[in-house]
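Everything below concerns the one structure shown next.
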Amino acid sequence: MAERNWNLINCLCYLYNAFAVYTDADLDEAEKNEIRNIVGEWVPDSSRNEIHDHLGTTLGWFQEDLKVDLDDDDSHIVQNTCCNIAGHMKKELDDKACAAIHTDLIRIGNADGHYDETEQAWANALGEILGVVQPA
């Protein structure tokens, strides 16, 4: 496994990729496009190629983690990584930025026209960690 560079863009890319795939086991074109657009809003000075590279790298990280999780019922690397990213973002970013991340998750969930209960639950759980959603 290659060393991971957990900068802001890579954290967001991992979180958004994981959210899109992990919640419904699919990453369709609409979700990919929405994620690219959202990440572009966070790093407007980055080129589409740079964003694409970050998304590809972090999707690879996610796939490595997911493989471990699927091979071991006691492993929860993807969930833990997403929660750790959200917790880190809560510490490093202001409330407005944390709310924007939560809104981004909802946008990704809606991108394919089907924002299901699993996506809603994940968005709410991560929103709680980000401090923008009240615990249920």
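The values are calculated or read from the model by the stated rules, or taken from the named source; none is laboratory data. Owing to the predicted nature of the structure, the values given are computational and were not obtained by experimental measurement. Ligands, DNA and RNA are excluded from the accessible area calculation, which covers all protein heavy atoms including side chains. Shrake-Rupley method; radii C 1.70, N 1.55, O 1.52, S 1.80 Å.
Treating each Cα of the chain as an identical point scatterer and ignoring solvent, apply the Debye formula and state log10 I(q)/I(0) at q = 0.13, 0.14, 0.22 Å⁻¹. Log10 of I(q)/I(0), two decimals: -0.50, -0.59, -1.55.
For the chain, carbon and sulfur atoms together expose 48% of the accessible surface, with a 1.4 angstrom probe and every protein chain in place.
Across the alpha-carbon atoms of region 31-90, the computed radius of gyration and Dmax are 13.6, 41 angstrom. In order along region 29-40, the phi-based Karplus estimate (6.51 cos²θ - 1.76 cosθ + 1.60, θ = phi - 60°) of 3J(HN,Hα) comes to 4, 4, 5, 4, 5, 5, 4, 4, 5, 5, 4, x Hz; Gly and Pro are listed as x.
Solvent-accessible area per residue in the chain equals 54 Å², computed with a 1.4 angstrom probe and all protein chains kept. Comparing L12, L66, L126 in a Gaussian network model of the chain (Cα springs below 10 Å), the most mobile by mean-square fluctuation is L66.
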